[in-house]
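What follows is a single structure, written as structure tokens, with notes after it.
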Amino acid sequence: MLYPRLIPCLLVKNKGLVKTVRFKNPKYVGDPINAVRIFNEKQVDELMVLNIEATSGNMEPDFKMIENLAAECRMPLCYGGGVKTVEQAQRIVELGVEKVAISSAALDKPELISQIAEQVGSQSVVVVLDVKKRLIGGKYQISTHNGKINTGRCPVEFARQVESLGAGELAINSIDNDGVMKGYDFCLIDKIREAVSLPMTVLGGAGTLEDIGRLIGMYGIVGAAAGSLFVFKGIYRAVLINYPNPHEKEDLIAKNRLTV
Amino acid sequence: MIAIIDYGLGNIKAFANVYKRLNIPHKTASCADDLEGADRFILPGVGAFDQAMQVLQRSGMREPLDEFVLQRRVPILGVCVGMQILAHSSEEGNLPGLGWIDGEVRRLDPSALSHKTYLPHMGWNDISPMRSDGLLQGLNGGSRFYFLHSYYFDCRGNEDVVATTDYGNAFASVVNYRNVYGVQFHPEKSHQNGIQLLKNFGNL
């Protein structure tokens, strides 16, 4: 049987790992390669690494860093940040990364999704949607450039387009819940889950393993990603990389798993 | 000496790291000359079928590999797309495959999946071994591996299926014919179970 995935999401800025709150105030939390080594020991299901300054700073992906990460990872790796072309995506896959995430480039030029999928296979194309809820009216809209640009686009409609263009996975990131550790935005996830039948990874808001349990309980096979939860410990947010051990993970899934 | 075939696809370094940790002699092979002296080959792969066939052809290693595998019977392990190109053809592409194991690559049937499952088949899933010698030594039913694919190897002969995995329908997740082995999942990204399998391949 296929299991839900618990995915630490690491944010990279200026070659270091950071963690943000609502996409702001990046706090340095450590060295990426060191973190990967710890996550190897903890046997994590999958790892997601997003460079949060590449697109907004108009930078190329840091291929050297990606190569080092891919070589170190004993689990599947998804890389995102600054990917704008088919050639870049292909190069990243050739460096040994299983999945390439695109976001703002996919919004600018949706056909890029199909073009990349043709070269590297659909299974390796992840589209990340950074979503913000409007204060007035409560409408969900997609942002890019690390949350700085509001595209005004509807995430549900775009998710449908992403699916039809041949992406392999959709990652939904709630800007409002990022780093807040009060739980996922289920309202947002519901809307998108209903609209598409792609594998989905959800990010933004997990503060406890119970939050992840709840997500698994509602959606069964899902990617449950988290940043703060896996890098901070305690109310003072001390940096301590942590991840449930295989038994804890098993219990969490068994306790919450949908019986389909 | 295990040669990890570096034809520009798949995680060469991840395999090398595993073998380094295991203290098993290995090297990467990126041209025909590099293949000499190897008594095992690993054919990695991430990506699409036609792309894999094209870059393998371009690497100049395809013809020599034919001889190593078919004439000299050197064991080879295809991984993910590297497994799929062992077949004659694929619904994903138009180019012929290597044809070293009799079968065709087909798309997983989404209509056979319940509403709680999706394509691609992505994540950790169990294997059910038909036999537990050789490649799967020390790995039990329920051993978990990381999968990432929408296509599967449809073997013509059932005897070539070493293990199956359930996703909608059961499909062949480990195949073997003579000295040719293939795994649909990524052992290089499957923690301890993957290490065990790669160790087994080194000891075949």
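Tabulated data for the structure shown
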read-out: Some residue of the stretch A:194-208 being part of a helix (DSSP H, G or I), modelled with pLDDT under 95 and of a type in the set (Asp, Glu); value: yes
read-out: A:LEU165 vs. criteria within 19 Å of B:TYR151 (Cβ to Cβ) and not aromatic (Phe, Trp, Tyr); value: yes
read-out: A:ILE92 vs. criteria more than 12 Å from chain B (Cβ to nearest Cβ) and either over 17 Å from A:ALA159 (Cβ atoms) or not in a loop (DSSP other than H, G, I, E, B) (or both); value: no
read-out: Filtered residues of the stretch B:1-45 (kept if touching a Phe, Trp or Tyr at 6+ places or on another chain (Cβ under 7 Å) and in a loop (DSSP other than H, G, I, E, B)); value: B:PRO44
read-out: Selection count where residues are touching a helix residue (DSSP H, G or I) at 6+ places or on another chain (Cβ under 7 Å) and free of Cβ contacts under 8 Å to residues at least 24 places away in the same chain, scope the stretch B:18-53; value: 0
read-out: Qualifying positions in the stretch A:30-52 - over 25 Å from B:PHE185 (Cα atoms) and within 15 Å of the chain's Cα centre (by Cα); value: A:ASN51, A:ILE52
read-out: Close pairs (9 angstrom Cβ cut-off, 6 or more residues apart or separate chains): without any contact (Cβ under 8 Å) to a residue 40 or more places away in the chain in the stretch A:157-170, assigned to a helix (DSSP H, G or I) and surrounded by fewer than 19 Cβ atoms within 10 Å (Cβ to Cβ) anywhere; value: A:GLU157/A:ALA195; A:ALA159/A:LYS191; A:ALA159/A:ALA195; A:ARG160/A:ALA195; A:GLU163/A:ALA195
read-out: Meets criteria (within 14 Å of chain B (Cβ to nearest Cβ), assigned to a strand (DSSP E or B) and not aliphatic (A, V, I, L, M)) for A:THR151; value: no
read-out: Elements of type strands (runs of 3 or more DSSP E) contained in the stretch B:91-171, each with 2 or more residues being under 30 Å from A:MET200 (Cα atoms) and within 11 Å of chain A (Cβ to nearest Cβ); value: B:121-129, B:143-149, B:161-167
read-out: Criterion (more than 14 Å from chain A (Cβ to nearest Cβ) and touching a Cys at 6+ places or on another chain (Cβ under 9 Å)) met by exactly one of B:TYR177, B:TYR181; value: B:TYR177
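The values are calculated or read from the model by the stated rules, or taken from the named source; none is laboratory data. Remember, predicted model here, so these are calculated numbers, not experimental data. Glycine gets a Cβ as well: all are built from the backbone with ideal geometry, and neighbour counts include every protein chain shown.
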